[in-house]
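Report on the following structure.
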Amino acid sequence: MGCLWRKTLSFFLVFVPIYLHGASSQAAAPVGPRKPFLERLRRLEEQFRRFQEVTWTHLQSITSNYNVSYDVDARFRSLAEESRAVAQAVNRSQASVQGELAQLKARVRKTQRRSRKVDTRLRTLDLALGERSQQRARERKAQKAQRDALRDSLARLEGLIHSQGARLAALEGRLPVAHPGTAALGPTPVPTPTQPEELGPSSLTLQRDRQELRAASEHRGPPQDSSAPLHGRQEPPASGSHRVLSGTATAPRDPPQQAWSPQGPGEICGVGPTLVFPNASTKNVVFLSPGFVTALRALSFCSWVRTASGRLGTLLSYATEDNDNKLVLHGRDSLLPGSIHFVIGDPAFRELPLQPLLDGQWHHICVIWTSTQGRYWLHVDRRLVATGSRFREGYEIPPGGSLVLGQEQDSVGGGFDSSEAFVGSMSGLAIWDRVLVPGEVANLAIRKEFPTGAILTLANAALAGGFVQRANCTCLERCP
C-alpha cells in the first residue's frame, strides 16, 4: 500500500506542472481575437479550484485506503502470531499425545499379555465347570430317577393300601356274627415270649386281624377289585357293636373308644352340625373361609350327603382368577344319572359313580386325589367304588381362590346357576391336604376316629344368605 501511495503522489507532482504549463501556453498563443486577461485568469482559477477539489478527493480516498490497508496488515500480523502460537501449542500437544500413546501402547501390550493369561485360566475354568455341570446334570438325573421311583413306589403303595383296605373290609363283611344260642369264636391263643421262633410279623398281623374281625358287626358284600370302578350298595348294618378293621395293619393299636351313642338301630349320630339346602335358589350358598392358603398336591374331601331332588347338584366349587373350575364336584353335565364330574383345573375331569345317593338317604362319601401319578379314589359308605390314575399328574391346586358349597362358580364368588345348585343336606364335611388311607376312611364313616390334619371343616362355613339352614342334630336321621 505504501508503494501505491508513492506512485500516486509522484503522478500528481508530474501532471500538475505539465497542466499549468499547457494552460499558460494556450494563454500566450495568439489564437483568434484576444479576450480580456481577467476573464482568462478567472477561468484558470476555476479550473485550478476544480482540479484542486478533485485532487483533494483523490487524496482523501487514498488516505482512507491506506488506513484500511494498514489495519489489514496489523490484523494479518496478529493472525500470523496467533497461528504461530497455535502451531507451537499443537506441536507441544502432539508431543504429549505421542508420549501418552507410547505409554498406552505399552499398557495395551501388558494388558494383552494379561488377557491371554486370563483367557487361558478361563478356558481351564470353563472346562472344569463343564465337567462339574455334566456331573451335576447326571446327579440331577439320578436324583430325578430316584424321586420318580419313590413316587411310583408311593403310588403303588397307596394303591396297595386302598386295595388291601377294601379287601379287609370285604372279609370283615363275610365274617359270621355270633347269635344267641350259638357258640362264639374263642380268642386266638397268643404265643408266649418263650416261643419267639413261632412268631413273625405275618402271624402277629393275622392274629390281630382275627381278633378285630371277631369283634366286627357290620356285614359287607363280596370283595371288590379296586383297579376299576365298582358299583353296588352296602348291606344294612346289623345291630351291635360298630367297630371295624382299620386299613393299616402294621402295628397293634389300643382298642378304640366309642365316641357316640346311637339312639336306634342303624342311626348315624355324633357327626356335628348339618347344612340344609332346601331348594335350588342361587342365593343358597355357603363359603368356606379362608379357603386354600397353600398349594395342594393332594386332597381328601369327605362328607355325609343326602339329596332331596333325585339329582346331584354341585357339592363343592373352587374358583381362582385364571380358572373358575380349579376344583369342582358337580352332577349337571354327567352322562349317567347319579354320576358326578370330578374336575381339577378345567377342562380335565373324571366321572364318578354316585348312584347310591339318589335314594334320598344319608351316605358317606370320600373323594381322594394325589398328584403322584394322578391317582384318585372314591369311597361310598366305606366301600371303594372307583379308582384310577393319570388324572392331573404332577398338578398343584393353587391357593387364594374362592371355595363354596352348594353352587358352581362361573366367576370368583359368583356366576351361580340354579340348575347346578345342590338340594339336600351335608354334615360332617372336612377337607385334608393329604391322602386318607382306607382305614381312616372307614373309621371316619363309622364315627370311630376323626383323621388328624383337616384344613377345613364346617366350622369354617359362613352362610351367605338365602334359605340355607344350619342344624345341630343328635342323629342325622332326625335332621329336617
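Table for the structure above
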quantity	calculated
Computed FRET value (nearest 0.05) for S96 with R75, which takes r as the C-beta separation and R₀ as 25 Å	0.20
Accessible surface ranking that places the most exposed of Y376, Y318 first, with a 1.4 angstrom probe	Y376, Y318
Accessible heavy-atom area order of K144, K117, highest first, probe of 1.4 Å	K117, K144
Label-point gap, in nm, between D322 and T57 - each point 7 angstrom along Cα→Cβ	10.0 nm
Gain on full stretching of the segment that runs from E39 to Q112 - 0.36 nm per residue minus C-alpha separation	15.8 nm
Heavy atoms of E100: accessible area, 1.4 Å probe, square angstrom to 10	120 Å²
Distance (nanometres) between label positions extended 7 Å along Cα→Cβ at S64 and A459	11.5 nm
Ranking by accessible area, most exposed first, for V86, V286 with a 1.4 Å probe	V86, V286
Cβ-based charge dipole, segment 309-400, positive-most Cα from H330, T372, I397	T372
Gain upon complete extension [R151, A137; 0.36 nm per residue less C-alpha separation]	3.0 nm
Projected-area average for segment 57-111 over all orientations - Cα convex hull basis, square nanometres	4.2 nm²
Per-residue SASA entry for E393, accessible area with 1.4 Å probe, Å² rounded to 10	100 Å²
Under 17 Å from the V412 label point (7 Å along Cα→beta-carbon), backbone N, segment 344-375	345-346
Sites L122 and T452 - FRET efficiency at Förster radius 56 Å, r taken between beta-carbons, to 0.05	0.50
Full-extension gain in nm, S289 to N472, via 0.36 nm per residue minus C-alpha separation	63.8 nm
Solvent accessible area, Å² - R297, 1.4 Å probe, full protein context	100 Å²
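The values are calculated or read from the model by the stated rules, or taken from the named source; none is laboratory data. Since we're looking at a predicted model, the values are computed, not measured. Neighbour counts are summed over all protein chains in view; Cβ atoms, including those assigned to glycine, are modelled from backbone coordinates with ideal geometry. Heavy atoms of the whole protein, side chains included, go into the accessibility calculation; ligands, DNA and RNA do not. Shrake-Rupley method; radii C 1.70, N 1.55, O 1.52, S 1.80 Å.
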